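Let me begin by presenting the structure, written as structure tokens, before commenting on it.
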Amino acid sequence: MTKLLNVQAVSASVPMVEKVVAEALDDVERRLAADGACDLATTIARDVPFRVMLRLLGLESAIDVDIDTLARWSDASLELFWGRPRGEREVALAREAAAFYSWLTDLVSQPAPEAGTLLGALGAHRLPDGEPLGVTQKAAVVYFMIIAGQMTTTQMLSTMYRRALREPGLWQRFAAEPATVAPWTEEVLRRDPPITTWRRVTGRPMTLSGVELPAGAPLLLMLSSTGSDTEVFENPEQLCPYRSNVRKHLSFGIGRHRCSGAELARMEADVVMRMTAARLPDLRLSDGTSPRMLALLSFRAPLQVLVERG
Ligand code: HEM
């Protein structure tokens, strides 16, 4: 399945992503014309990663729920697993997550879609004993695949829009020199990663920075602070797209479980930023917006990016 997310596969998906982004920008332009303002966090930054994930899964036209419902289910799942909901809130979130899971269970019980899609690859996968994956296993993979592929990318895009529109001259530069987007994306990922911490469990007894840990010890890795390590990044507080080790951050994790969607996320950031800047060079943040932030154990991003033209 990871073959469908490697550099070659991601390059081949650029035209599909450009089409999705163009449609999302039509929607942004319509809203700007009608209301004078638009929230990028709940429109293009949310919709593009969803539509891209659905197409990669092989579901683009086959689903019977809308993006708003999928987003509600995903948001609820994130808060349920990484927030601290209590009482009625916890029950309400669990109901949404269960509705999501149950919808996915029906979906993966149907005949697998064509080869070359993530769902097709899951259908074709064989376990070491030669058996195919069961419905529960397939539903679990797709559940976390949609959340991993959509929520994080939406958070990254919202953060990027806010930062790019705040920095004098940068937005116009993206329009004139699209090659500046990619290294700048790395710097935003380093300083403001969507995933700020990640849980791991030690596989064996070990000593970490002088602390002895037994096997099975739960760890919380502080991914966001690794971007401020002065032994790796000179002047880490400055966004400097020209640093030689610009991709050396740990925002996608490290090791055998490193993010399988890193190249896809990078490509989406590139296409979304360069196309938005080219189509809407006069975009600016609406005055006085101080966004509410998503602040869960492992996720941090603006929940609103209100913009207008002029
Ligand atoms: C800016 C966007 C993204 C960020 C910051 C991000 C970050 C991460 C991080 C920190 C991990 C844990 C790595 C570790 O345990 O070492 C991870 C795992 C994962 N990510 Fe992403 N991710 C992003 C986008 C995506 C996308 C677009 C997809 C899928 C299409 C995806 C799929 C996955 C999967 C499947 C895993 C689990 C890998 C494994 O356990 O082997 N991610 N991601």
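The values are calculated or read from the model by the stated rules, or taken from the named source; none is laboratory data. All figures in this text were calculated on a predicted structure; none of them were measured in a lab. Here the Cβ positions follow ideal geometry from the backbone for every residue, glycine too, while neighbour counts run over all protein chains shown. Note: areas computed on protein heavy atoms with side chains; ligands, DNA, RNA excluded. Shrake-Rupley method; radii C 1.70, N 1.55, O 1.52, S 1.80 Å.
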Practice prompt. Kindly indicate whether Arg190 is within 22 Å of Leu297 (Cα to Cα), modelled with pLDDT under 95 and of a type outside the set (Gly, Ala, Ser).
Written response: no
Worksheet entry | Filter pass, Arg256 being on the phi < 0 side of the Ramachandran plot, without any contact (Cβ under 8 Å) to a residue 12 or more places away in the chain and assigned to a loop (DSSP other than H, G, I, E, B) | yes
Practice prompt. Report the residue count in the stretch 193-211 for those that are more than 16 Å from the ligand (Cβ to nearest atom), surrounded by 10 or more Cβ atoms within 10 Å (Cβ to Cβ) and either at positive phi or among the aliphatic types (A, V, I, L, M) (or both).
Written response: 1
Worksheet item: What do you reckon, is Asp75 outside any helix (DSSP H, G or I), open to solvent by 10 Å² or more (accessible area, probe 1.4 Å) and of a type outside the set (S, T, N, Q)?
Response: no
Practice prompt. Determine if the stretch 236-255 includes at least one residue that is within 27 Å of Asp75 (Cα to Cα), surrounded by fewer than 18 Cβ atoms within 10 Å (Cβ to Cβ), more than 11 Å from the ligand (Cβ to nearest atom) and over 20 Å from the mean Cα position of the chain (by Cα).
Written response: no
Worksheet item: Is at least one residue of the stretch 125-143 more than 10 Å from the ligand (Cβ to nearest atom), more than 19 Å from Trp73 (Cβ to Cβ) and in contact (Cβ under 8 Å) with a residue 60 or more places away in the chain?
Response: yes
Practice prompt. Report whether or not Met151 is within 12 Å of the ligand (Cβ to nearest atom), out of contact with any Cys (no Cβ under 7 Å at 6 or more places or on another chain) and either open to solvent by less than 60 Å² (accessible area, probe 1.4 Å) or within 20 Å of Arg266 (Cβ to Cβ) (or both).
Written response: yes
Discussion item. Among the residues of the stretch 17-42, what is the count of those that are buried (at least 18 other Cβ atoms within 10 Å of the Cβ) and not in a helix (DSSP H, G or I)?
Written reply: 2
Worksheet entry | Out of Arg46, Arg55, sole residue that is basic (Lys, Arg) and either surrounded by 21 or more Cβ atoms within 10 Å (Cβ to Cβ) or within 23 Å of Leu303 (Cβ to Cβ) (or both) | Arg46
Worksheet entry | Members of the stretch 107-162 that are touching a helix residue (DSSP H, G or I) at 6+ places or on another chain (Cβ under 6 Å) and of a type in the set (Lys, Arg) | Lys138
Worksheet entry | Answer from Glu231, Glu212 - the residue that is of a type in the set (D, E, K, R) and either part of a loop (DSSP other than H, G, I, E, B) or closer than 30 Å to Ala12 by Cβ (or both) | Glu231
Discussion item. I'd like the full set of residues that are open to solvent by less than 80 Å² (accessible area, probe 1.4 Å) and without any contact (Cβ under 8 Å) to a residue 12 or more places away in the chain, limited to the stretch 212-227.
Written reply: Leu213, Ser225
